[in-house]
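A.B. asks: This is the structure I have questions about; it appears just below.
The values are calculated or read from the model by the stated rules, or taken from the named source; none is laboratory data. If you're wondering where the values come from, they're calculated on a predicted model, not measured in any experiment. In this analysis, Cβ positions are derived from the backbone assuming ideal geometry, glycine residues included, and neighbour counts consider all displayed protein chains. With ligands, DNA and RNA removed, areas are computed over all heavy atoms of the protein, side chains included. Shrake-Rupley method; radii C 1.70, N 1.55, O 1.52, S 1.80 Å.
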Amino acid sequence: MTNSDDRPPGDRDRLRELLDAVLADEHTTLDEMATGAYSSPFHFSRQVSRGAGESPVALRRRVLLERAAWMLQRGRPVTEVAFDSGYESVDGFARAFTRAFGFSPSRAATEGVRPSGGHSHWLPAPNGIHFHSPTVLYVDSGIPTVESSGDVVMLMVRHELDDIDALLDAAKAVSADDWSRIRLPGHRNLDWHGPEESLAQVMSLLVADRQPWLASIEGADTPPEPPTDLPGLVELHRELTPRWLALVRDIDRRHAWQDRIVDALCDPPESFLLSQIVAHVLTFSAHRRQLVRWMLRDAGVDVAHLDPDPIMWHRKHSGGF
């Protein structure tokens, strides 16, 4: 693991370092936050407010109140939560909590009262920074959903789909010539998948690989040849993503990983376990996503910000501070 301080100065995310100092457990005052960020309180407060749209003290107070609501919802006593949240008295905590959420901490603990909105313990924020449970993964794609971070399959599936989406977005910077240029002459992953010599071919197979599997499982007709243009692939990915997520969730819910389908789209027909299908898609997707990164760099696109590591992706989507 590389510490952020080991990176060249130009590669360091200063705002992230400032926010880490705001939310560190050991920093309870503005002076302590600023010291943790190697800054003066004045400059620290100004930088955080400019970058996050919220003062460091207000940001820390709000996130700690969100954490308090999460704890109360899970049966922690009000007194214990009050002192864990940095308040010197239960009355002071109760007043702050009630002002923020519109109901008392005792009601949150005993009656299960929840804030309005998509998440059960979040307050309005100008910056999208919230407290996240260490045991769940929040994915917000218009309608917030929650996945257990202990569910490795769903974590990998979510990461894969998000990573493809990010790569499609990065590919918008590629010229038409670079999109179709042959970069790996003769390269194939599997004989029956066809050549994967250009960015267009690799991206097409990356996005469309789950399409014939979905058709077989759903009993649909053979899907058409996937597009090789970027707008068409963006649209196809948008259409396939919810179907693939629904399929994997349904398999997991029914404990149907050992169920077998006969793929009539193969010639001759062949049978596959559902677990084999998902493992196949994830395996070849991982290879192709790394290949796309190489091809994008070769085309002059900066992909340094597209970290392929699911650890970093999970930290981003589950809190990470």
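A.B. asks: Condition check: of a type in the set (Lys, Arg), assigned to a helix (DSSP H, G or I), touching a helix residue (DSSP H, G or I) at 6+ places or on another chain (Cβ under 9 Å) and modelled with pLDDT under 95. Does Arg289 satisfy that?
C.D. replies: no
A.B. asks: Follow-up question, since we're still on this one. Of the residues that make up region 92-106, is at least one surrounded by fewer than 16 Cβ atoms within 10 Å (Cβ to Cβ), farther than 23 Å from Gly128 by Cα, out of contact with any Gly (no Cβ under 7 Å at 6 or more places or on another chain) and β-branched (Val, Ile, Thr)?
C.D. replies: no
A.B. asks: Give the residues of region 39-61 that are open to solvent by 20 Å² or more (accessible area, probe 1.4 Å) and either within 20 Å of Ala100 (Cβ to Cβ) or in a loop (DSSP other than H, G, I, E, B) (or both), sorted by residue number.
C.D. replies: Here is the first cut: in region 39-61, the ones open to solvent by 20 Å² or more (accessible area, probe 1.4 Å) are 39-43, 45-47, 49-51, 53-55, 57-58, 60-61.
Passing the criteria: Ser39, Ser40, Ser49, Gly53, Glu54, Ser55, Val57, Ala58, Arg60, Arg61.
A.B. asks: Go through region 62-78 and give me each residue that's assigned to a helix (DSSP H, G or I) and farther than 11 Å from Leu23 by Cα.
C.D. replies: Across region 62-78, the qualifying residues are Leu65, Glu66, Arg67, Ala68, Ala69, Trp70, Met71, Leu72, Gln73, Val78.
A.B. asks: Under the condition of being modelled with pLDDT under 95, under 22 Å from Thr222 (Cα atoms) and assigned to a helix (DSSP H, G or I), which residue from region 158-204 is least open to solvent (accessible area, probe 1.4 Å)?
C.D. replies: His193
A.B. asks: Let me ask something additional. Just one of (1) more than 28 Å from the chain's Cα centre (by Cα); (2) not in a loop (DSSP other than H, G, I, E, B) trips up Pro223, so point out which.
C.D. replies: The number of the failed condition is (2).
A.B. asks: Further question: Mind counting the residues in region 1-38 that are part of a helix (DSSP H, G or I) and either modelled with pLDDT under 70 or more than 15 Å from Val57 (Cβ to Cβ) (or both)?
C.D. replies: Number satisfying all stated conditions: 11.
A.B. asks: Can Tyr87 be described as surrounded by 15 or more Cβ atoms within 10 Å (Cβ to Cβ) and part of a loop (DSSP other than H, G, I, E, B)?
C.D. replies: Answer is yes for this residue.
A.B. asks: I'd like the residue in region 62-84 that is β-branched (Val, Ile, Thr), over 16 Å from Glu26 (Cα atoms) and in contact (Cβ under 8 Å) with a residue 24 or more places away in the chain and, out of all such residues, is most open to solvent (accessible area, probe 1.4 Å). First the steps, then the outcome.
C.D. replies: At the first step, the residues of region 62-84 found to be β-branched (Val, Ile, Thr) are 63, 78-79, 81.
Checking the rest, the ones that are also over 16 Å from Glu26 (Cα atoms) come to 78-79, 81.
Add one more test, that the residue is in contact (Cβ under 8 Å) with a residue 24 or more places away in the chain, and what stays is 78, 81.
Working: Val78: 35, Val81: 0 Å².
Among those residues, the one meeting the criterion is Val78.
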